[in-house]
Structures are given as structure tokens and as C-alpha cells.
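Asks: Please see the structure below; I have some questions.
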Amino acid sequence: MDELLRVLREEAANEERTLREESAREAERVVAEARDAAARVGRGAMAHEEAVRAARLKAVRDATGLERGRALLLESRRQLDALRTEAIARLPGAANEQDVARLVGELMPEAGPLGAILVVDPGFGPVARAALAAFPDAMVEVREAPAARGGVELETGALVLDDRFASRLERAWERVEPEIAGLLFSERPGGEP
């Protein structure tokens, strides 16, 4: 019995190591796709995530037992958290002129009549001012942040509307995480995770 437990633990450790190695390779690919994946996530993602998790958990329990399943879930959670942290760290320099113009257009209806301050990344002040031309009644001052932050913020009195990419990802993460997990941890042909 002890020998069987030792063999099962070794097998679980080997499978966990293999999963980590494969997941690390996949993580680089997923980071590049994370932004596109966020746009595709719909309302059915949560139900799909629960079904996938339940099926995955059942398969893990049936195959090698509860201990291996827990280890795989913990590793998946660790990898998803690391991916989220990595993606957020890369977003401050991701904004371009078209993004800034689009974000300004999205925020301006929230500016209100009393005036506001629009904070943009360094070098994007002229782009923001040009985008503001579409809102001739808006009383908005444009300020450039001291460092790139990847998006814009609109300060109206005590209210700050944060429309930076990192903040958008934070707000959307709960919806996009199931799809990202599916990309990272989906079954490969031949039954390999």
C-alpha cells in the first residue's frame, strides 16, 4: 500500500511538472491573445466556466484522486493569477493615438457641465485635444501624466473615471478568466492537458 501511494505521488508530481512546463509555454501565447479574448467573452462564459471546471474536476478525481486534483487546481489558479499580473504590467505602454481618441469619445458623455480634467499618457495631449473638438460645449482641461499608464482618466470633482487598459482588464477579468483558462488548460488532442 505504501509503495502504491509513493508511485501515485510520483506520478502526480511528474504530471504536475509536465503541466507547469506546458502551461508556461502556453502562457506566453495567451498573453498576446488576452486583449482579443476580452472582447469575445459573453454572458455565457460563467456557465461555461463552471461546466468546464466541473468536468475537469471530475476527470481529475476519477483519474488520480482528490490530491492530484487539488494540486492541479492550485497550479491553474497560480498560473491565471501570474498571467493577470503579467498582462496588467504590460498594459501601461499599450495605448496608441486611436485608442486615446476612442477613450476620450467614450468618457466625454460622463464629463458633466462643471468642467473636468482629462489625464492622458505623455505625448497624447494633442490627440486628446483633437478628440475633444467633437464636444465643443465640454469644459475639459487636458493634462499629460508624468509616465505612461495606458489609457485615460477623467476627473470630475471628486469623481475619477478610470479608463486605463489595466483598469478595464481588472474590471473585466472575472468575465474573461473562464475563456483564458479554457485557452490555457484545454485538453489537447490525444488526451494531454
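Asks: Against the condition in contact with an Asp or Glu (Cβ under 6 Å, 6 or more places away or on another chain), surrounded by 13 or more Cβ atoms within 10 Å (Cβ to Cβ), more than 30 Å from Ser76 (Cβ to Cβ) and modelled with pLDDT of 90 or more, how does Glu144 come out, does it pass? Steps first, please.
Replies: On the way: in contact with an Asp or Glu (Cβ under 6 Å, 6 or more places away or on another chain): no; surrounded by 13 or more Cβ atoms within 10 Å (Cβ to Cβ): yes; more than 30 Å from Ser76 (Cβ to Cβ): yes; modelled with pLDDT of 90 or more: yes.
It is false that Glu144 is in contact with an Asp or Glu (Cβ under 6 Å, 6 or more places away or on another chain), surrounded by 13 or more Cβ atoms within 10 Å (Cβ to Cβ), more than 30 Å from Ser76 (Cβ to Cβ) and modelled with pLDDT of 90 or more.
Asks: A follow-up question, please. Looking only at residues that are farther than 14 Å from Arg149 by Cβ and surrounded by 14 or more Cβ atoms within 10 Å (Cβ to Cβ) in region 113-129, which one is modelled with the lowest pLDDT? Steps first, answer last, please.
Replies: Pass one, region 113-129, residues farther than 14 Å from Arg149 by Cβ: 113-117, 126-127, 129.
Retained after the next criterion (residues that are surrounded by 14 or more Cβ atoms within 10 Å (Cβ to Cβ)): 116-117, 127, 129.
Working: Ala116: 88, Ile117: 91, Val127: 95, Arg129: 95.
Once the filter is applied, the top-ranked residue is Ala116.
Asks: Being closer than 30 Å to Ala71 by Cα and either surrounded by fewer than 13 Cβ atoms within 10 Å (Cβ to Cβ) or at pLDDT 85 or above (or both) is the requirement here; does Arg149 meet it? If you could, list the steps in order and put the result at the bottom.
Replies: Details: closer than 30 Å to Ala71 by Cα: no; either surrounded by fewer than 13 Cβ atoms within 10 Å (Cβ to Cβ) or at pLDDT 85 or above (or both): yes.
No: the conditions fail for Arg149.
Asks: Looking at (1) touching a strand residue (DSSP E or B) at 6+ places or on another chain (Cβ under 7 Å); (2) under 24 Å from Arg84 (Cβ atoms), which is the only condition Arg175 fails?
Replies: (1)
Asks: How do the helices (runs of 4 or more DSSP H) wholly within region 1-98 filter down when requiring 3 or more residues that are in contact with a helix residue (DSSP H, G or I) (Cβ under 6 Å, 6 or more places away or on another chain) and at pLDDT 80 or above: which remain?
Replies: 66-90
Asks: So which of Leu154, Leu183, Leu159 is buried (at least 19 other Cβ atoms within 10 Å of the Cβ) and under 26 Å from the mean Cα position of the chain (by Cα)? Before you say what the answer is, go through the steps one by one.
Replies: Details: Leu183 fails: buried (at least 19 other Cβ atoms within 10 Å of the Cβ); Leu159 fails: buried (at least 19 other Cβ atoms within 10 Å of the Cβ).
Only one candidate qualifies: Leu154.
Asks: What pairs can you find where one residue is in region 103-114 and over 21 Å from Ala166 (Cβ atoms), the other is hydroxyl-bearing (Ser, Thr, Tyr) and surrounded by 13 or more Cβ atoms within 10 Å (Cβ to Cβ), and their Cβ atoms are less than 8 Å apart, with a gap of 6+ or different chains?
Replies: Correct list of pairs: Ala111/Thr156; Gly112/Thr156; Leu114/Thr156.
Asks: Sticking with this one: Of everything in region 99-112, what is over 22 Å from Leu159 (Cβ atoms) and either modelled with pLDDT of 90 or more or in contact with a Phe, Trp or Tyr (Cβ under 7 Å, 6 or more places away or on another chain) (or both)? Give them in sequence order. Steps first, please.
Replies: If we filter region 99-112 for residues that are over 22 Å from Leu159 (Cβ atoms), which is where we start, we get 99, 101.
Within region 99-112, Ala101 is the sole residue that qualifies.
The values are calculated or read from the model by the stated rules, or taken from the named source; none is laboratory data. In this text, all values refer to a predicted model and were calculated from it rather than measured experimentally. FYI the Cβ positions are ideal-geometry reconstructions off the backbone, even for glycines, and counts take in every protein chain you see.
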